[in-house]
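Undergrad: Structure below; questions to follow.
The values are calculated or read from the model by the stated rules, or taken from the named source; none is laboratory data. For clarity, every value in this text was computed on a predicted model and none was experimentally measured. So basically every Cβ, Gly included, is an ideal-geometry build from the backbone, and we count neighbours across all protein chains shown.
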Amino acid sequence: MLQVKDLHVTVEGNEILKGLTLTINAGEVHAIMGPNGAGKSTLSAVIAGKDGYEVTQGTVTFEGKDVLEMEIEERAQAGLLLGFQYPVEIPGVKNIYLLKSALNAQRVARGEGEMPAPEFMKLVKEKLGYMKMDASFLQRAVNEGFSGGEKKRNEILQMLVLQPKLAMLDEIDSGLDIDAMKVVADGVNSLRAEDRAILLVTHYQRLLDYIVPDQVHVLVDGRIVKTGDAELAKQLEANGYEGIEESVA
Ligand code: ADP
Ligand code: MG
Ligand code: MG
C-alpha cells in the first residue's frame, strides 16, 4: 500500500530524514518509535503533504501512485489521512459541518455524490458512540474549548467517519489518562481492516499495549535503525533508545 524508499527530507536547510525506507501493506498496523527530534512527525507530515518540507531524494508511493507529485487534497482523496499531533481549534466552524464537508468532498472527488443527510447522521452517531462522545460535541466549534482528551477523541472520530485507507496518527496518546487512552485505542482498533493500514507515531510503548502493532520501527536520527514486532517496543520500554543508538554507532 505505502512504499517509502530512501527518503531524504530537509527542513529549513537541515536534513531531518536521511534515507528512510519503509513498506506498509494493507491490513497492517505499523508503529514508528524513537527519541524526540528523530524525525517521526516529519515522516508523517511529508507523506500527508504538509508545507515546509523539501524532499531532496527518494520516493513515496501509495497504491503505486507517486505521492510526492500529488497535492495535499489529492492525497486526502486518495485515502491518506494524518491526524494532528496538536489538533487545531477552528472557531466558528461546527464540528459536524467539518465532518460532513470533509466526507462529502472525498465522495464527490470519487464520483459518489454527497451522502444523504439522514445516512450521514446515522453514521456520525454510531461513531460518536464508539468514542463515548456526547452528541453535543457535533454542535460545538471544532476543538474549541475541548480538553486534551476530547481533542484526541475528536481526531479519532474524524478518522472513523472519513475511513481513510492509510490512517496516520501522531502521538495520540500524549496527555491522555488511562481511561481516555483506552477509548482512543478502541477507536483505532475499530479502524483495523483488511483494506486499511495504520501508521502510529508514538514516543512511548504504553499505547502499544492497547493497539498491538504488526511491526515496530525505531527511528533514530532520520533513519529506521531497527524493525521488529510488538516485542521490540517492550524492549525499548525496558532499555530506552540509548542502547539502540549505540549499537548503530
Ligand atoms: P519527532 O517527531 O521525532 O520528535 P520531528 O519530526 O518533529 O521529530 O522533528 C525532527 C527535527 O526536525 C527536530 O530537530 C526539529 O526541530 C526539526 N524540525 C521539524 N519541523 C521543523 C520546522 N518546521 N522548522 C524547523 N525545524 C523543524
Ligand atoms: Mg517532536
Ligand atoms: Mg513528533
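Undergrad: Any idea which of (1) under 23 Å from Ala26 (Cα atoms); (2) assigned to a helix (DSSP H, G or I) is the one Val218 doesn't satisfy?
TA: Going through (1) under 23 Å from Ala26 (Cα atoms); (2) assigned to a helix (DSSP H, G or I) one by one, Val218 breaks only (2).
Undergrad: Also, quick follow-up: Among the residues of the range 147-162 satisfying the criterion of being touching a residue at least 40 places away in the same chain (Cβ under 8 Å) and either at positive phi or hydrophobic (A, V, I, L, M, F, W, C) (or both), which is surrounded by the most Cβ atoms within 10 Å (Cβ to Cβ)?
TA: Ile156
Undergrad: Yes or no: Ala197 farther than 18 Å from Gly83 by Cα, more than 16 Å from ligand 3 (Cβ to nearest atom) and among the small types (Gly, Ala, Ser)?
TA: In short, no.
Undergrad: Just give me the residues in the range 197-212 being surrounded by 23 or more Cβ atoms within 10 Å (Cβ to Cβ) and more than 16 Å from ligand 1 (Cβ to nearest atom), in sequence order.
TA: Ala197, Ile198, Leu208, Ile211
Undergrad: Follow-up question, since we're still on this one. Name the helices (runs of 4 or more DSSP H) wholly within the range 32-121 that hold at least 3 residues that are away from ligand 2 (no atom under 16 Å from the Cβ) and over 20 Å from the mean Cα position of the chain (by Cα)?
TA: So the answer is 95-109.
Okay, residues lined up against (1) of a type in the set (S, T, N, Q); (2) modelled with pLDDT under 95; (3) closer than 30 Å to Val216 by Cβ:
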residue: Tyr97; (1), (2), (3): no, yes, no
residue: Ser101; (1), (2), (3): yes, yes, no
residue: Pro118; (1), (2), (3): no, no, no
residue: Phe137; (1), (2), (3): no, yes, no
residue: Glu150; (1), (2), (3): no, yes, yes
residue: Arg153; (1), (2), (3): no, yes, yes
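Undergrad: Tell me which residues, restricted to the range 153-194, are within 16 Å of ligand 3 (Cβ to nearest atom) and under 19 Å from Lys125 (Cα atoms).
TA: Glu155
Undergrad: A follow-up question, please. Of all residues in the range 22-39, how many are touching a helix residue (DSSP H, G or I) at 6+ places or on another chain (Cβ under 9 Å), farther than 14 Å from Ile198 by Cβ and crowded, with 20+ Cβ neighbours inside 10 Å?
TA: Number satisfying all stated conditions: 2.
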